[in-house]
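Okay, structure first, notes after.
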Amino acid sequence: MVRASPLWFYLDAVLVDLCEGMPVSTPLIEFRHLQKVYGSGNTEVRALWNVNLCINRGEYCAIMGPSGSGKSTAMNMIGCLDRPTAGDYYFDRQNVATLEDTELAHIRNQKIGFVFQQFHLLPQLTARENVELPMVYAGVSKAERQERAIVALTQVGLGERLNNRPSQLSGGQQQRVAIARAIVNRPLLLLADEPTGALDTHTTEDVLNIFADLHATGITVVMVTHEPDVARASQRIIWFKDGEVMHDHLSPADIGSLTTMGRSR
Ligand SMILES: Nc1ncnc2c1ncn2[C@@H]1O[C@H](COP(=O)(O)OP(=O)(O)OP(=O)(O)O)[C@@H](O)[C@H]1O
Ligand SMILES: [Mg+2]
């Protein structure tokens with residue numbers, strides 16, 4: 001009988017794998033021979049040079065490397081805040097270079113959540129109002145904005161602090177508001193540049209626990225960090241040097257020796 005042939009057993013096995021949620025690699029971020037050059041002639045700076053990099057949906061990556069190695073330039077590129085000088089950048093299979101500024105703004109608003117070292121909250125707004133902002137730009141109704149902001153703030157453990165202004169919150173709490181703001185439009189990607197740089201060890205752990213929870217829900221997380229212990233919370237460590245990817249998929253032991261060889265700050 002055909003059903004009992006080895007081919008059927010193979011296909012059955014594949015289907016079971018797919019049904020059981022085996023990860024199917026889908027590229028979210030693809031740099032192809034990407035370059036970013038600032039200035040020209042004597043003042044030319046090759047911030048990124050011929051970078052090939054692929055990060056799939058669902059990954060949790062840390063970008064490390066010495067000061068000036070191109071990490072923030074790469075983050076600006078990944079976050080569609082800047083365009084390459086040469087080469088290509090595909091985000092969610094779209095070539096960023098061919099998109100208009102308004103299309104880029106739409107991608108940033110809908111598909112990417114940003115978290116920065118210095119939180120960048122608006123001081124005159126409450127926690128809830130800060131979290132509502134990306135939804136104002138996305139055209140979400142007031143009632144839904146309020147509801148989703150409360151859900152996001154509760155998710156990061158700030159359900160009791162909805163009406164506090166940033167000045168009434170600790171650094172760790174402000175960063176949690178910034179994370180709630182970053183996730184409230186349900187992005188594909190959470191992009192964080194030194195998210196724990198201004199935090200103490202305890203609050204750093206809180207932020208990393210939130211990132212781990214978000215990653216577990218399927219959000220792709222990419223963060224820049226100088227701190228080996230923070231990078232170790234990720235699943236893939238990418239090391240930049242002089243505008244190039246010098247190492248990829250580093251082990252925790254590797255980053256220990258790289259950071260002691262040439263302190264990153
Ligand atoms: N707007 C700019 N104009 C000219 N040069 C720039 C500009 N932005 C960055 N650079 C240069 O590009 C290189 C990479 O800078 P980038 O900010 O990406 O480094 P980084 O790895 O994030 O460093 P750090 O760890 O200090 O934040 C550096 O030599 C920097 O001086
Ligand atoms: Mg930087």
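When we measure straight from the Cα of Lys71, which lysines land under 18 angstrom away, once same-chain ones fewer than 8 places off are left out?
Within reach: Lys36, Lys241.
Nearest 500 deg cm²/dmol is fine: what mean residue ellipticity at 222 nm does the chain get from its DSSP H runs of n ≥ 4 alone, each adding -39,500 (n - 2.57), divided by its residue count?
Details: 9 runs with 101 residues, N = 265.
When only DSSP H runs of four or more count, the value is -11500 deg cm²/dmol.
Once fully extended, how much extra length lies between Arg232 and Arg165, figured as 0.36 nm per residue of separation less the alpha-carbon to alpha-carbon distance? Walk me through the numbers on the way to the answer.
Values: separation 67, 0.36 × 67 = 24.12 nm, distance 3.26 nm.
Gain on extension, Arg232 to Arg165, equals 20.9 nm.
Which value, in debye to the nearest 20, gives the size of the charge dipole of the chain about its Cα centre, when Lys and Arg are +1 and Asp and Glu are -1 at the Cβ?
Details: 24 positive and 29 negative charges, 72 e Å.
That gives a dipole near 340 debye.
Net charge near Glu132, counting Lys/Arg +1 and Asp/Glu -1 over other residues with Cβ under 9 Å of its Cβ? Display every interim value, and only then the final one.
Working: positive: Arg128, Lys142, Arg145, Arg148, Arg181; negative: Glu129.
So the surrounding residues net to +4.
How many Å³ per residue does the convex hull of the Cα positions in the chain occupy?
About 184 Å³ per residue, rounded to a whole number.
When the Karplus curve 6.51 cos²θ - 1.76 cosθ + 1.60 is applied with θ = phi - 60°, which whole-Hz ³J(HN,Hα) does each residue of the stretch 144-160 get, with x for Gly and Pro?
Per residue, the Karplus-derived 3J(HN,Hα) values read 5, 4, 5, 5, 5, 5, 5, 4, 5, 5, 5, 4, 9, x, 10, x, 8 Hz.
When only C-alpha pairs under 8 Å and at least 6 residues apart count, what is the relative contact order of the chain, in percent? Intermediate results must be reported in sequence, preceding the final value.
On the way: 464 pairs, mean separation 66.6, N = 265.
Result for the chain is 25 percent.
Would you please classify the overall shape of the stretch 27-102 from the alpha carbon gyration tensor, given that a ≥ b ≥ c denote the square roots of the eigenvalues, rounded means a/c under 1.5, and beyond that prolate means a/b larger than b/c while oblate covers the rest? Write down the numbers at each step before the final one.
Numbers: a/c = 2.05, a/b = 1.28, b/c = 1.61.
Oblate, because a/c is 1.5 or more while a/b does not exceed b/c.
Please compute the net charge surrounding Arg93, taking Lys and Arg as +1 and Asp and Glu as -1 over other residues with Cβ under 13 Å from its Cβ. Don't skip to the answer; put the middle values down first.
Details: positive: Arg32, Arg57, Lys111; negative: Glu30, Asp88, Asp92.
Value of the local net charge: 0.
Rounded to whole Å, give me the distance from the Cα center of the stretch 151-224 to that of the stretch 33-90.
Going from one Cα centre to the other spans 25 Å.
Please state the shape class of the stretch 54-208: rounded when a/c is under 1.5, otherwise prolate if a/b exceeds b/c and oblate if not, all from the C-alpha gyration tensor. Before the final figure, lay out the partial values.
On the way: a/c = 2.16, a/b = 1.34, b/c = 1.61.
Judged from the Cα gyration tensor, the stretch 54-208 comes out oblate (a/c at least 1.5, b/c at or above a/b).
For the stretch 102-113, what does the Karplus curve 6.51 cos²θ - 1.76 cosθ + 1.60, with θ = phi - 60°, yield as ³J(HN,Hα) per residue in whole Hz, taken in order and with x for Gly and Pro?
5, 5, 5, 4, 5, 4, 4, 5, 8, 10, 10, x
Taking amide H atoms as placed 1.01 Å from N in the peptide plane, list the residues 5 or more away in sequence, or in a different chain, whose amide H sits under 5 Å from that of His247.
Trp239
Return, ordered by residue number, the residues of the stretch 222-241 whose backbone nitrogen is under 16 Å from a label point located 7 Å along Cα→Cβ of Ala216.
Within reach of a label on Ala216, which here means backbone N under 16 Å from a point 7 Å along Cα→Cβ, the stretch 222-241 contributes 233-235.
Can you put Leu153, Leu122, Leu258, Leu99 in order, fewest other beta carbons within 10 Å first? Walk me through the numbers on the way to the answer.
On the way: Leu153 24, Leu122 12, Leu258 20, Leu99 16.
Listed from fewest to most nearby Cβ atoms, that is Leu122, Leu99, Leu258, Leu153.
Quick note: the coordinates plus some simple rules give every number you see, no bench work behind them. Only a predicted model underlies this, so the values are computations on that prediction, with no experimental measurement involved. Note that each Cβ is placed from the backbone with ideal geometry, even for glycine, and that neighbours are counted across all protein chains shown.
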